[in-house]
């Protein structure tokens, strides 16, 4: 795809980011996460979460095409779970592309952009989690150089789900 711009997200992008997240969950996680949870995701809550992210300095970059946000990546230049994963010094916590535009290299561009930013900050080891049963995304993360190093559980809607945890030695990428 031509003319894709990767840039830092602003408050003006929040609604598009929230929409991409909810649409992404409803399409990618159908059959993985409980349908009732997916069907009841709240746009206003998601907008508030993303507003809080930006207000609190969480890093979000967006992919833009024709002045429309078509994907985003939320990352941290630190590891919020040093107790469990002390070797990691950064993480990607969300990477979503509009479902009708997947498989066009947008996710790869977002991820490569973030990795380059983190390398400039002298980060060495990045982690990210992916639902264990989300095989298309797992294949993408592995193609991008990720190696499963552990599994963890996460809870949504009073149900627990297994995450495959990936690590990236970004110093050597």
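Quick note: the coordinates plus some simple rules give every number you see, no bench work behind them. These numbers come from a predicted model, not from an experiment.
Numbers for the structure displayed
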| item | result |
| --- | --- |
| Contact order normalised by residue count of the chain, Cα under 8 Å, 6+ apart, percent | 20 |
| Fully extended contour minus Cα-Cα distance, from residue 160 to residue 49, at 0.36 nm per residue | 37.8 nm |
| CD proxy at 222 nm, helix term only [per DSSP H run n ≥ 4: -39500 (n - 2.57); per residue of the chain; nearest 500] | -10000 deg cm²/dmol |
| Using alpha carbons only: equivalent-ellipsoid semi-axes of segment 1-100, gyration tensor based, whole Å | 22, 20, 14 |
| All Cα pairs of segment 71-130, percent lying beyond 18 Å | 36 |
| Hull volume in cubic angstrom per residue (convex hull over the Cα atoms of the chain) | 118 |
